[in-house]
Amino acid sequence: MKPLISAVRRKRGSDVISRLREMAISYELKPGERLNEIELAERLGVSRTPVREALTRLATEGFLVESSRGYVRRPLDIQEMLDLYEARVTIERDCLRLAFERASAESIEELARYLEHSKSVPANTPIPQLVELDEGFHLRIAAMAGNAELKRMLVSLNERIRFIRWIDMENIGRDSTQSEHAEIVHALQAHDWEKGEKCLTSHIALRREQIVEAIAKGLTRIYLAEQR
């Protein structure tokens with residue numbers, strides 16, 4: 001029975017981490033909010049132990065800040081987001097460079113088909129799902145690079161900027177994003193690294209320039225939702 005109990009506990013712990021991570025990504029845990037282990041445990045219907053372990057994990061992932069009185073949700077900070085987008089450019093540029101060197105013709109065509117699938121999704125699809133498709137495009141390029149560590153870093157970074165990408169998708173819309181994605185695919189098909197790098201860099205740089213506006217809108221949404 002002990003192995004079964006251990007497996008159940010691991011599953012419960014994983015579920016708690018996933019749920020609290022979702023709450024952090026969406027800012028259901030408010031910026032600067034001090035987190036109470038007892039309240040969170042009651043809210044999730046679990047003991048304090050998996051909650052404590054989850055909070056420790058989320059702090060290492062950059063969502064929380066540890067203080068003398070426990071954990072606090074990291075504020076929605078302009079400089080932090082600028083830094084994260086700068087890191088994103090660096091990681092994704094390396095992924096794209098390696099994809100140009102290593103990707104097969106078949107994997108490039110699979111990326112093109114994924115883009116066509118994304119375009120076929122109805123325009124009124126919920127924003128989180130549109131952002132998931134957007135992330136999926138970039139993660140497929142990371143997979144084509146053949147470097148698991150670069151992909152892992154991109155997955156982690158995506159989680160920390162996802163809320164801003166939701167706001168950005170509302171502001172920009174998916175048509176602009178997909179048009180830029182199409183240019184990247186065409187560059188891969190033509191083996192034109194310079195064009196591909198230029199498209200990718202400008203694609204992310206444009207989003208970085210709009211971070212201040214996105215954060216202002218994000219904070220408004222967070223606190224308006226609290227009043228409803």
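Kindly evaluate Leu96 against the criterion of being surrounded by 15 or more Cβ atoms within 10 Å (Cβ to Cβ) and in contact (Cβ under 8 Å) with a residue 40 or more places away in the chain.
yes
Output yes when any residue across segment 124-138 is under 20 Å from Cys199 (Cβ atoms), small (Gly, Ala, Ser) and over 11 Å from the mean Cα position of the chain (by Cα), and no when none is.
The answer is no; no qualifying residue exists.
Looking at segment 84-138, which of the residues that are modelled with pLDDT under 95 and not in a helix (DSSP H, G or I) is nearest to His191 (Cα to Cα)?
Here the residue is Val121.
Okay, residues lined up against (1) over 13 Å from Tyr85 (Cβ atoms); (2) touching a residue at least 40 places away in the same chain (Cβ under 8 Å); (3) not charged (D, E, K, R):
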| site | (1), (2), (3) |
| --- | --- |
| Leu157 | no, yes, yes |
| Asp168 | no, yes, no |
| Ile184 | yes, yes, yes |
| Gln189 | yes, yes, yes |
| Lys198 | yes, no, no |
| Arg207 | no, yes, no |
| Glu213 | yes, yes, no |
| Ile222 | yes, yes, yes |
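Among residues belonging to segment 27-83 that are of a type in the set (S, T, N, Q) and not in a strand (DSSP E or B), point out the one that is surrounded by the fewest Cβ atoms within 10 Å (Cβ to Cβ).
Ser68
Quick test of your reading of the structure: Ala99 fulfils all but one of (1) in contact with a helix residue (DSSP H, G or I) (Cβ under 8 Å, 6 or more places away or on another chain); (2) among the small types (Gly, Ala, Ser); (3) not assigned by TED's automatic domain parsing to the domain that holds Ala216. Name the failing condition by number.
(3)
Among the residues of segment 139-148, write down those that are assigned to a helix (DSSP H, G or I) and either over 25 Å from Leu20 (Cβ atoms) or under 8 Å from the mean Cα position of the chain (by Cα) (or both).
Arg140, Ile141, Ala142, Ala143, Met144, Ala145, Ala148
Taking the options Glu197, Glu213, Glu183, Glu170, name whichever one is assigned to a helix (DSSP H, G or I) and in contact with a Gly (Cβ under 9 Å, 6 or more places away or on another chain).
Matching residue, one of Glu197, Glu213, Glu183, Glu170: Glu183.
Taking Pro31 and the conditions (1) in contact (Cβ under 8 Å) with a residue 60 or more places away in the chain; (2) closer than 30 Å to His186 by Cα, which numbered condition does it fall short on, given that it satisfies the others?
Failing condition for Pro31: (2).
Would you please list the contacts, defined by Cβ atoms under 8 Å and residues six or more apart or on different chains, that run from a residue in segment 101-130 that is farther than 16 Å from Asp175 by Cβ to a residue that is part of a helix (DSSP H, G or I) and at pLDDT below 95?
Sorted first by the residue in segment 101-130, then by its partner, the pairs are Pro128/Trp166.
Filter segment 60-93 down to the residues that are touching a residue at least 60 places away in the same chain (Cβ under 8 Å) and of a type in the set (Val, Ile, Thr), then identify the one that is farthest from Glu183 (Cα to Cα).
Only one residue fits best here, namely Ile78.
Within the bounds of segment 14-25, is there any residue that is assigned by TED's automatic domain parsing to the domain that holds Glu149 and under 21 Å from the mean Cα position of the chain (by Cα)?
No: segment 14-25 contains no residue that is assigned by TED's automatic domain parsing to the domain that holds Glu149 and under 21 Å from the mean Cα position of the chain (by Cα).
The values are calculated or read from the model by the stated rules, or taken from the named source; none is laboratory data. Everything numeric here is computed off the predicted structure, so don't read it as measured data. Because the Cβ atoms are built from the backbone with ideal geometry, glycine has one as well, and the counts that use them run over all protein chains shown.
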